[in-house]
1. With a 10 Å radius around each residue's Cβ, average the other Cβ atoms per peptide and rank A:230-239, A:193-202, B:47-56, highest first.
2. What nm value, rounded to one decimal, do you get for the distance between residue A:22 and residue A:156 when each label is placed 7 Å out toward the C-beta?
3. Compute the distance from the alpha-carbon center of the stretch A:245-269 to that of the stretch A:143-166, in whole Å.
4. For chain A, just say rounded, prolate or oblate: build the C-alpha gyration tensor, square-root its eigenvalues into a ≥ b ≥ c, call rounded for a/c under 1.5, and beyond that prolate if a/b exceeds b/c, oblate if not.
5. Based only on other Cβ atoms within 10 Å, what is the fewest-to-most ordering of B:319, B:178?
6. Starting from the Cα gyration tensor of chain B, multiply each eigenvalue by 5, take the square root, and state the resulting semi-axes largest first in whole Å.
7. Which of A:219, B:280 comes first, and how do the rest follow, when ranked by fewest Cβ neighbours within 10 Å?
8. Mind sorting B:358, B:304 by how few other Cβ atoms lie within 10 Å of their own Cβ, fewest first?
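Values in this text are rule-based calculations from the coordinates and carry no lab data. A quick note: this is a predicted structure, and the numbers were derived from the prediction, not measured. Here the Cβ positions follow ideal geometry from the backbone for every residue, glycine too, while neighbour counts run over all protein chains shown.
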């Protein structure tokens with residue numbers, strides 16, 4: 001099993017993003033997902049910038065996948081998506097069915113991201129027929145779910161499996177921008193206020209229990225998934241990639257440690273419930 | 001009750017045929033109402049629903065609550081009753097089949113075909129495939145749980161499974177609905193009234209993050225067995241699987257507890273706020289003209305889990321509003337008595353246009 005680095009889900013200033021991926025280029029991480037998957041208003045990096053980063057990472061020996069938006073609302077977003085799919089060099093991570101449709105129409109292979117609803121073998125098989133080469137397990141599914149799917153396929157799936165193994169989970173997407181709203185701004189005049197919250201905005205219960213991280217239109221888990229203790233088991237099951245979803249520079253270190261088979265420092269608030277058929281926020 | 005649309009339904013003209021030939025700007029709109037049991041179904045039809053949607057008494061639909069929904073016998077009865085009145089009945093099979101248990105979902109499709117359902121509301125790819133290949137004559141409506149918000153997604157479902165209609169997630173502004181309707185290869189249905197889901201439906205894990213169950217997996221959002229209210233002095237603490245999602249005054253009118261409508265704290269504030277959304281309901285009465293002109297074929301009322309009294313109240317108001325509009329589109333005005341009648345049955349007694357209104361976003 002190999003380690004992958006998921007797309008950066010937060011909004012950072014361009015120099016920070018460039019610096020981050022320079023460091024990724026020098027890391028042992030073999031597979032890197034790259035692109036804006038949350039909000040089309042975030043334009044610190046343009047499509048051309050992402051392509052340049054993708055080429056740089058490819059030259060550094062990485063496999064690169066371009067991640068696409070999870071929620072498409074405007075025709076302009078759909079047109080931008082077409083451009084991404086037609087880039088001519090890199091495969092895409094489809095985070096909405098629109099990207100599947102585009103890749104399928106062009107006969108291009110693609111990866112299904114965690115927000116594509118793949119809940120059974122028949123659906124996965126259908127997507128594989130359309131060009132899906134790998135899928136990231138939907139976040140709320142478990143080890144036992146995966147075992148059943150693999151068994152139903154006769155012990156081996158004809159496409160790769162990736163598990164969201166470390167990081168804050170993107171739990172939901174809305175039309176509403178929670179960050180802008182919290183700052184008293186309209187979404188259309190948001191001043192890209194997400195730049196001021198490079199790890200999202202923590203929402204706690206009235207008993208001071210961290211619950212969610214508001215990341216623009218995306219709602220994340222406040223707890224950090226850590227499935228590093230399951231790596232040997234995942235390997236036995238046939239999981240191909242263990243995804244680290246980046247929070248900060250430390251994520252590169254984490255991915256590096258995992259690549260070398262080293263134990264990880266425990267996150268401040270770990271969770272692994274989904275993998276064990278429990279509520280996602282639970283830590284077992 | 002006489003109105004343009006009724007003349008159509010009473011002449012037994014299949015609505016989907018009518019709808020699929022609908023031109024932009026043509027005035028007709030189906031009123032689609034929920035039913036959690038036979039009493040609600042009869043109430044909805046009496047109050048003027050053109051069509052009713054319902055689900056089976058198991059986890060094949062996303063409103064799998066105890067005491068709700070239809071056994072196969074009741075479904076048969078519901079179909080006969082509805083068809084005698086020349087109206088339509090849609091079966092919702094919009095959860096995602098679990099590995100090793102797929103047959104339960106396939107059987108639901110078979111049952112729907114045997115009972116003569118007028119359409120199936122489906123989200124899962126494999127189930128769309130099954131229904132389309134076995135029963136190509138039954139119109140498929142893409143459930144909101146499939147989360148299709150754009151031309152690309154709609155095109156794929158149309159090309160592969162010949163869906164007749166899609167239910168749009170509650171994430172598009174009115175302008176975006178209009179833009180999509182102009183190019184959509186299928187008829188469009190929108191949520192007009194009811195509990196407001198603020199996330200892209202079918203892709204929200206907030207419920208399973210806290211309770212272990214989501215609409216996709218367990219058939220319900222924020223299952224009742226995980227809800228607990230505690231009263232302390234003059235306060236009511238609302239817990240979902242022990243997580244405190246709100247503290248309210250005991251006299252405060254609250255909606256059904258869900259994660260996205262709780263009051264939380266950030267580091268920068270001392271007083272709790274509805275950081276995502278407050279307990280409000282969607283009410284789009286004032287948008288009827290725009291939705292009609294955009295070519296939306298069906299207005300959906302949310303609430304299979306609600307009482308027959310809710311179904312009656314809401315259906316009556318919406319029937320009147322749609323009829324009023326169709327009789328004189330130029331002079332339609334939303335009446336305050338309609339809004340106040342709806343506010344009485346609304347969550348938190350507050351209503352909103354939700355994402356249809358750009359400012360809400």
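1. Working: A:230-239: 15.3, A:193-202: 18.4, B:47-56: 25.8.
Packing proxy ranking, top to bottom: B:47-56, A:193-202, A:230-239.
2. It is 4.3 nm.
3. Distance between centres, Cα-based: 24 Å.
4. Because its axes are fairly even, with a/c under 1.5, chain A counts as rounded.
5. On the way: B:319 21, B:178 17.
Ascending number of Cβ neighbours within 10 Å: B:178, B:319.
6. Details: eigenvalues 192, 122, 81 Å².
They are 31, 25, 20 Å, listed largest first.
7. Numbers: A:219 30, B:280 21.
With the fewest neighbours first, A:219, B:280 line up as B:280, A:219.
8. Values: B:358 15, B:304 25.
Ranking B:358, B:304 by Cβ neighbours within 10 Å, fewest first, gives B:358, B:304.
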